[in-house]
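The structure under discussion appears below in the form of structure tokens.
The values are calculated or read from the model by the stated rules, or taken from the named source; none is laboratory data. If you're wondering where the values come from, they're calculated on a predicted model, not measured in any experiment. Glycine gets a Cβ as well: all are built from the backbone with ideal geometry, and neighbour counts include every protein chain shown. Surface accessibility is based on the protein's heavy atoms, side chains included, excluding ligands, DNA and RNA. Shrake-Rupley method; radii C 1.70, N 1.55, O 1.52, S 1.80 Å.
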Amino acid sequence: MGKVILTAAVGGLCSAALYLAVLGSIGALVLGYFAPLPLFLVGLSAGNLAVMAAGAVAAAGVGAFTGNPAVAGVFLVSVSIPVALVIRLALLSRVGADGRREWCPPGPLLMSLTLYGLSGVLGTMGFALMGGQGLDVWIQGMLKTGLAPILEGTPGIGTPSDSLDALVETLAMVFSAMAVASWLVMLSVNGALAQGLLSRWGMNRRPGAAMASLELPVWMAGMPLLIIPAALLPGETVGILARNILLILLVPFLFLGLAALHRLAARGGASRTVLLVAMYLFILFVGWPVVLVIGLGLIEHGLGLRRRTVAACPDKED
């Protein structure tokens, strides 16, 4: 028990330190990106109680350092709770009919985070409406507050008011979707990295799951279709909210498209790693191929592209 407590305390403090690094310098943003990593390491090696304790320690550390309970609350909601949720699902298992232990697959983990992110967007809308503002007005006000100091200190960008108004008006339309999508990617990367490290160190509680094994529930395809009519509305609250929800619901299909590409890359044999690195670099630096990957994910979900590829190449491992 003492070892678990020590592990939780150290993991929580490391997570808080990484998160607080961003507050000290915008150049330390990359460190803040890995704030969930220590919590994932604790949870995937020591279990549910340990990760909950580590998340509480991290949030308390953030609050104590900043002297602002609101900042600690943001950390708790955006990092500690979702990591604990993922760990809770990831460590679920059962014994199958063949006597082998079956672990929770990646699909439910991704969907739980997606639904959690959607609940955050809906909660933000409720908060804005309670303040007597539309969602767009509230987001624009928040963006102006955060971006004004950056623009004022950036030479050659034009007058602060002109630059700020143009930038805020553009970002506000899809800000919620951008925030949730980047948050989903952040947690997914940190979770996969933690599992990989623990597997290498022999400290993992569950086996890893290959990217190519990702599958989404059948009902997932219907959710974006239900949102499309509302997304076409011109309203500044309902329309913006629906468009952001639609974009968030497409994020799991981005992961599914990447899973299909992983399976296809496996057919390259020894050159698989080179193909995957080139693919990710192309998507990262060009940008627009993300749309094609999402489309591939939709096709994969609807037509079973990955399963047909498995049948055509059964001797390749994920």
State yes or no: is Gly196 surrounded by fewer than 20 Cβ atoms within 10 Å (Cβ to Cβ) and not in a helix (DSSP H, G or I)? no
Segments classed as helices (runs of 4 or more DSSP H), wholly inside region 206-293, with at least 3 members that are surrounded by fewer than 17 Cβ atoms within 10 Å (Cβ to Cβ): 222-231, 272-286
Tell me, yes or no, whether region 24-34 has at least one residue that is buried (at least 20 other Cβ atoms within 10 Å of the Cβ), out of contact with any Gly (no Cβ under 7 Å at 6 or more places or on another chain) and touching a residue at least 40 places away in the same chain (Cβ under 8 Å). no
Residue that is farthest from the chain's Cα centre (by Cα) [pool: residues in region 93-110 that are of a type outside the set (Gly, Ala, Ser) and surrounded by 12 or more Cβ atoms within 10 Å (Cβ to Cβ)]: Glu102
Residue within region 159-175 that is acidic (Asp, Glu), at pLDDT below 80, part of a loop (DSSP other than H, G, I, E, B) and farther than 22 Å from Tyr116 by Cα present: no
Conditions: (1) among the hydrophobic types (A, V, I, L, M, F, W, C); (2) open to solvent by less than 60 Å² (accessible area, probe 1.4 Å); (3) free of Cβ contacts under 8 Å to residues at least 40 places away in the same chain. Ile81 meets all but one. Number of the miss? (2)
